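Below: the structure, in structure tokens.
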Amino acid sequence: MRIDVLTLFPAAFESGPLDVSIIKRAREDGLLDLQVHDIREHATDRHRSVDDYPFGGGQGMVMRVDVLDRALQHVQALADETAYVVFLTPQGEVLHDSLVRELATHPRLALVCGRYEGVDQRFVDHCVDREVSIGDYIVTGGELPAMVLIDAVTRHVPGALGDEASPEEESFADGLLEHPQYTRPAEYRGWTVPDVLLSGHHANIEKWKREQRLERTRERRPDLFP
Ligand code: 4FV
């Protein structure tokens with residue numbers, strides 16, 4: 001999978017969460033080709049401005065459609081495959097497991113990171129395939145949302161998780177939250193582990209895990225409850 005990121009802060013993607021552990025290995029193994037591009041390289045005026053005051057007034061600045069479009073056209077031309085263009089925005093579809101799985105089916109994504117108050121709506125209307133939000137709160141830029149999406153999607157690239165786990169056997173795969181997890185020491189400060197997990201009785205253990213997942217989902221996320 002190839003992912004191109006368009007950002008005003010390429011440095012945000014250097015030696016960070018996408019350069020360690022599973023994502024680092026996926027990049028080294030060629031399962032993920034992550035390319036980061038500076039939007040400001042496509043500014044043409046002598047101040048290299050990428051934003052301007054909003055028409056109709058209002059607070060803050062808006063990113064210019066012409067600069068964004070030139071940046072995107074440049075990035076699209078870097079590979080034969082046309083990238084599916086995702087704009088990270090609070091106005092987008094809130095990211096959830098099945099949307100992650102859907103985005104992971106695309107051979108190439110282009111992620112556009114907004115800053116300031118947002119981007120000119122004409123860029124969204126004419127250049128963006130999907131608007132995606134990581135949640136109903138505001139962050140300072142689209143960079144962190146883009147990293148969340150890259151991490152979540154890369155886990156679904158075949159081979160990215162190695163034989164550690166398969167995305168099929170995890171939270172949300174079947175819409176339920178995960179069961180509690182325990183490991184050694186079996187006793188700590190008088191805090192113990194449910195006996196069934198130490199019983200070695202596979203059927204009872206699976207039954208307990210299922211019951212725990214249903215109970216947790218019912219209590220914590222009735223909205224998810226099947
Ligand atoms: C956001 C979110 C988000 C809005 C203004 C960046 C900020 C600033 N993006 N999910 N929540 N973006 O808050 O994706 O430009």
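Residues that are outside any strand (DSSP E or B) and among the β-branched types (Val, Ile, Thr) within the range 131-149 comprise Ile134, Ile138, Val139, Thr140, Val148, listed in sequence order. Taken over the range 68-103, the residue count meeting the criterion of being surrounded by fewer than 15 Cβ atoms within 10 Å (Cβ to Cβ) and charged (D, E, K, R) is 4. Scanning the range 72-89 for residues that are under 20 Å from the mean Cα position of the chain (by Cα) and more than 12 Å from Leu109 (Cβ to Cβ) yields Leu72, Thr89. Within the range 189-206, being hydrophobic (A, V, I, L, M, F, W, C), in a helix (DSSP H, G or I) and surrounded by 12 or more Cβ atoms within 10 Å (Cβ to Cβ) holds for Val196, Leu197, Leu198, Ile205.
Applying the set (1) loosely packed, with under 14 Cβ neighbours inside 10 Å; (2) modelled with pLDDT of 95 or more; (3) closer than 30 Å to Leu34 by Cα to Thr183 leaves exactly one unmet item: (3).
Identify all residues within the range 75-113 that are among the aromatic types (Phe, Trp, Tyr) and within 16 Å of the ligand (Cβ to nearest atom); write none if there are none.
The answer is Phe87, and nothing else.
Considering only the range 150-167, I want to know if a residue exists there that is within 21 Å of Arg221 (Cβ to Cβ), more than 16 Å from the ligand (Cβ to nearest atom) and assigned to a helix (DSSP H, G or I). Looking through the range 150-167, at least one residue is within 21 Å of Arg221 (Cβ to Cβ), more than 16 Å from the ligand (Cβ to nearest atom) and assigned to a helix (DSSP H, G or I). Tallying residues that are surrounded by 17 or more Cβ atoms within 10 Å (Cβ to Cβ) and at pLDDT below 95 within the range 9-64 yields 0. How many of the residues in the range 116-133 are surrounded by fewer than 20 Cβ atoms within 10 Å (Cβ to Cβ) and within 10 Å of the ligand (Cβ to nearest atom)? The number of residues fulfilling the criteria is 4.
Pairs needed: first member in the range 125-138, touching a residue at least 24 places away in the same chain (Cβ under 8 Å); second member anywhere, outside any strand (DSSP E or B) and within 7 Å of the ligand (Cβ to nearest atom); C-beta distance under 7 Å; at least 6 residues apart or different chains. Going by the 7 Å Cβ cut-off, the qualifying pairs are Ile134/Pro145.
The values are calculated or read from the model by the stated rules, or taken from the named source; none is laboratory data. Since we're looking at a predicted model, the values are computed, not measured. No Cβ is skipped: glycine too gets one built from the backbone with ideal geometry, and neighbour counts run over all protein chains shown.
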